[in-house]
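Data first, discussion second: the structure below is written as structure tokens.
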Amino acid sequence: MADARSAPAASSGVASAEWLAGGPGGADRLARLLPAALRGMAAGMAERGGPVPAGGPAAVAAALARSSGAARYGVGAEQALEELSALLAAGSADPADPACAAHLHCPPLAVSVAADVVASALNPSMDSWDQAPVASEIEREFTTGIARLCYPDAARPDAVVTSGGTESNLLGLLLARESAVTRPVCGANSHHSVARAAWLLGLPAPVVVPCADDRMVPSALAETLASLGAQAVVVATAGTTNTGRIDPLPEISEICRRTGARLHVDAAYGGLALCSDRLRTRVAGLELADSVALDLHKFGWQPVAAGVFAAREENDLRALTVRAEYLNADDDTEAGLPDLLGRSLRTSRRPDAFRMAVTLRALGTAGIGALVERCCANASGVHAMVEDHPALRSWGTPELSTVVFRPLAADELPGAAGDDLVAQVRRTLLEEGTAVIGRGALPTGPDGESQLWLKLTLLHPHTEAADYRALLDAVATVAADLRATVARESPVAS
């Protein structure tokens, strides 16, 4: 009788699609299939030929419509992998291209992607120990290290893996609510997920504290907390989405301590500056927060998703405890089996900590810190080029790796027409397939009115500032070309 564990006969490509990735021979099966996927990926990237497919949504939809979909009879693993990998690569934005710099969307490290293949093949499910014996221990070691990175002097810090800053901010407000802290307070610069978390948890809408230079104003926070005190959970930001600014954490933490307010810091962007001896002072005060959100799919170069939530007191995380007899029965935990269900708001979840742990073992925190330093240095260099550019102006000196700037042609148009020009510059570059750049509204107009700015979020650690010169020139050229059209079409300008 044939061994039931053996691979199916490889008589056809269709049969190979039935192979299992794990078990005896699983690695060999993957080794036969991955080249087809990588050939397709390479072909698709060559077809795209730039940071993003040209033509906008209509062109991408048309390309997808031309592709063959599922049929009654499959085409086989190799052909399916090669065809659809080519389609995906041709129609994807490529964060590994310097001209793809709109968002906090990093190019992942190859070592992390390779680790992710192994994790996907073995498929541990992180909701009970019997599904993930070693994966759970790797996760525990990894989260313990991250907790200690955030809280080097705390007696009992702890951390859990999340899907990113949105889930981590939800946890920050949830643990506050479970401690009878029910009034969220945040800066006008805070991430939208803070208000969403309050809504999901049935808390009042956050009290919004004014900002200056995209940072929370401590005196305004003190005034707000004078009437709220220990009812409040303050959400500060270490790396805003629009500008990369870091709130004055030492002052904020002192105000929270004095008034009895709880403090959560959304450090999804800037938190990994802790890995750099040179940059960690920029997030000084992080260790004084009750909880911290970090994302390693930003400064960490992991595939999405890779979030971590750290708490200064491990006891705070007991609020996540839940019982499901088939996953964490009392007699099992009393016998020493770890309880994984209380380590997340989710039940079934991927072993995302594995690739993060592999990356940190490969590079060390110093290696991650060096990559963060390169990106921040690039931002300083690009900012200097903006300052010297005759057709651009800068919003301000970068604090992390975000460069915010505006075409001078937009300032030559009145009111909303200038914002229209900025928006059209971004869309034109996107539709041409030339570049993916971001946008943000900031209170820089007359009397603090909102104005639209362009931004580059530089997360490519193997570029130099000079690699972005062509992108700045392209922005200036498109703005100059569009100026007359916008002025003619805008009722304000006319």
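The values are calculated or read from the model by the stated rules, or taken from the named source; none is laboratory data. Quick caveat, the model's predicted, so the values are computed rather than measured. Cβ placement follows ideal geometry from the backbone for every residue including glycine, while neighbour counts extend to all protein chains displayed. Remember, those area values only see protein heavy atoms, side chains included, never the ligands or the DNA or RNA. Shrake-Rupley method; radii C 1.70, N 1.55, O 1.52, S 1.80 Å.
Numbers for the structure displayed
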read-out: Any hit, the stretch 342-358, residues being more than 19 Å from the chain's Cα centre (by Cα), in a loop (DSSP other than H, G, I, E, B) and within 26 Å of Gly440 (Cβ to Cβ); value: no
read-out: Check on Leu408, farther than 27 Å from His192 by Cα, of a type in the set (A, V, I, L, M, F, W, C) and open to solvent by less than 20 Å² (accessible area, probe 1.4 Å); value: no
read-out: Selected residue (criterion: farthest from Ala267 (Cα to Cα)) from residues of the stretch 147-164 that are in a helix (DSSP H, G or I) and open to solvent by 10 Å² or more (accessible area, probe 1.4 Å); value: Arg148
read-out: Sole residue being in a loop (DSSP other than H, G, I, E, B) and surrounded by 24 or more Cβ atoms within 10 Å (Cβ to Cβ), chosen from Phe309, Phe299; value: Phe299
read-out: Test for Val486: is it under 30 Å from Ser190 (Cβ atoms) and either in contact (Cβ under 8 Å) with a residue 24 or more places away in the chain or not in a helix (DSSP H, G or I) (or both); value: no
read-out: Residues that are under 18 Å from Asn242 (Cβ atoms) and open to solvent by less than 20 Å² (accessible area, probe 1.4 Å), drawn from the stretch 350-393; value: Cys375, Cys376, Ala379, Val382, Val386, Leu392
read-out: Unique residue being closer than 19 Å to Arg312 by Cβ and open to solvent by 10 Å² or more (accessible area, probe 1.4 Å) when the list is Ala188, Ala180; value: Ala180
read-out: Failed condition for Asp481, given (1) more than 19 Å from Ala93 (Cβ to Cβ); (2) touching a residue at least 24 places away in the same chain (Cβ under 8 Å); (3) not β-branched (Val, Ile, Thr); value: (2)
read-out: Subset tally (residues that are open to solvent by 50 Å² or more (accessible area, probe 1.4 Å), on the phi < 0 side of the Ramachandran plot and not basic (Lys, Arg)) for the stretch 209-241; value: 9
read-out: Residues being in contact with a His (Cβ under 7 Å, 6 or more places away or on another chain) and among the acidic types (Asp, Glu) - total across the stretch 240-270; value: 1
read-out: Count - residues of the stretch 333-392 that are β-branched (Val, Ile, Thr) and closer than 21 Å to Leu104 by Cα; value: 6
read-out: For Asp447: the one exception among (1) at pLDDT 95 or above; (2) within 29 Å of Thr237 (Cβ to Cβ); (3) more than 31 Å from the chain's Cα centre (by Cα); value: (1)
read-out: Long-range neighbours under 6 Å by Cβ, at least six apart or interchain, first residue farther than 14 Å from Ala310 by Cα and of a type in the set (Val, Ile, Thr) within the stretch 126-147, second open to solvent by 20 Å² or more (accessible area, probe 1.4 Å) and part of a helix (DSSP H, G or I); value: Ile138/Phe354; Ile138/Ala357
